[in-house]
1. Do you know which of the residues in the stretch 58-113 that are polar (S, T, N, Q) and free of Cβ contacts under 8 Å to residues at least 24 places away in the same chain is nearest to LEU341 (Cα to Cα)?
2. Restricting to the stretch 156-207, give me the number of residues that are among the hydroxyl-bearing types (Ser, Thr, Tyr) and over 23 Å from the mean Cα position of the chain (by Cα).
3. Taking only pairs six or more apart or across chains, which ones have beta-carbon atoms under 8 Å, a first residue in the stretch 230-257 that is under 20 Å from ILE25 (Cβ atoms), and a second residue that is of a type in the set (Val, Ile, Thr) and part of a loop (DSSP other than H, G, I, E, B)?
4. Suppose we filter VAL177, VAL225 for residues that are under 21 Å from ALA267 (Cβ atoms), among the aliphatic types (A, V, I, L, M), in contact with a helix residue (DSSP H, G or I) (Cβ under 9 Å, 6 or more places away or on another chain) and at pLDDT below 95; which single one remains?
5. Picking from LEU348, LEU327, LEU341, LEU322, which residue would you name as being over 14 Å from PHE91 (Cα atoms), without any contact (Cβ under 8 Å) to a residue 40 or more places away in the chain and of a type in the set (A, V, I, L, M)?
6. Can you pull out every residue in the stretch 220-271 that is among the acidic types (Asp, Glu), within 29 Å of GLY178 (Cβ to Cβ) and more than 20 Å from the chain's Cα centre (by Cα)?
7. Which numbered condition trips up VAL293, out of (1) touching a Gly at 6+ places or on another chain (Cβ under 9 Å); (2) at pLDDT below 95; (3) among the β-branched types (Val, Ile, Thr)?
8. So TYR88 fits all but one of (1) over 18 Å from the mean Cα position of the chain (by Cα); (2) modelled with pLDDT of 95 or more; what number is the exception?
Amino acid sequence: MKRIQNIQALRGIAVSSVVLMHLMIMEKKFGGAQTLLSGTMIFRFFGVDLFFIMSGFLMVTITRGKFQDPVNALKFLYARLAKIYPIYWIFTSLVLIVYLIRPEWVNSYQGNQVDILSSFLLIPEQTLPLIIVAWTLVHEMYFYIIFTIIILIVPEKYLKHSILIWGIIVLAIYLIVGPVNPYIKVISHPLTFEFIAGCFLAYIYHNSDIKISKKILLSAASVAVLFSLAGCFIYQSVTGEVELLSWWRILIFGLPALITVFCMIYAEKEGFTIHNIFYSIGNASYSIYLTHVLALSAFGHFWGMFAADGIIDNIIMIPVSLALVLLTGFISYNYLEKPLLNLSKKIL
């Protein structure tokens, strides 16, 4: 099937929102007393949630016609592992070196505690991985394993039923058992429903002929964004909390993200495509995602050496930092990620 350009562009938008969130944190930590970027988490708007929904959409899309075949199931899992692990291990190794030399620079959020083996294998643990954003990859690996099992044993005509059953099991474990250990916490995490929602969206997209005008779709996407921003602001104003609890996150970030993906994939059918710059960023999104915290941390320590309490240096250093992050990600994509992917295909 022809690649859906807006899906790839949304990946670019999603990773950009995550980068901006961490850039805000870097500025607050290293940029002096006055800051330019908002502390309201506006830049955090559903970046990870977009990724989870698009992940479910893509998993269903790329496996059409490949169900109940052990070879296809293994190829699917191999392709996912080859995409995730090799480049991830390279950057995790770099962070491990930093951790062994300057442990106070790594995972300060949780007292500089890490589980090295769990970090490399992307298995659930109480602490964050060496690369802190890799907590999402732990969830992705869980999604891939379950989806591989579905491909292996479920006829494709029952895909939607098996996904629904998965959702019911997740909800039951969440309500009855609770997060008694890191494994159960990941298995029953509400964010799983975003992946499941993406799977259902793909099923609808590929098995129905919905036609909606471009104007309505773009308006609906805009309303979804505004709803999310307003919901985030209200939640933080009422609770005083920056982090959204799981089910609130599903409502405030997940639902608008789902609507946005729906609108953009159908808007492409009507001739609307997101700007090509986000498509290019989307191509390198995994490398950008892995490297941006490392790049921002390194650049932040450099900035902190001369940061002033005014905002003049912020005006200069924020766009420079953003450009550095994107440059690092594109270098990683072209000279590490793509060659490693090509090598994995030859091995298979």
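The values are calculated or read from the model by the stated rules, or taken from the named source; none is laboratory data. Quantities reported herein were computed from a predicted structural model and do not represent experimental measurements. Cβ sites come from the backbone with ideal geometry, for glycine too, and all protein chains shown count toward neighbours.
1. The initial filter retains those residues of the stretch 58-113 that are polar (S, T, N, Q), namely 61, 63, 68, 72, 92-93, 107-108, 110, 112-113.
Subsequent filtering for residues that are free of Cβ contacts under 8 Å to residues at least 24 places away in the same chain retains 93, 108, 110, 112-113.
Values: SER93: 19, SER108: 32, GLN110: 33, ASN112: 32, GLN113: 32 Å.
Result: SER93.
2. Adding up the residues that qualify gives 2.
3. The qualifying pairs are CYS232/THR40; PHE233/THR40; GLN236/THR40; GLN236/VAL242.
4. Values: VAL177 fails: under 21 Å from ALA267 (Cβ atoms).
From the options VAL177, VAL225, the qualifying one is VAL225.
5. Being over 14 Å from PHE91 (Cα atoms), without any contact (Cβ under 8 Å) to a residue 40 or more places away in the chain and of a type in the set (A, V, I, L, M) holds for just one of LEU348, LEU327, LEU341, LEU322, which is LEU327.
6. As a first pass, look at the stretch 220-271 and keep what is among the acidic types (Asp, Glu): 241, 243, 268, 270.
The next check asks that each one be within 29 Å of GLY178 (Cβ to Cβ); those that pass are 241, 243.
Passing the criteria: only GLU241.
7. (1)
8. Just one mismatch for TYR88, condition (1).
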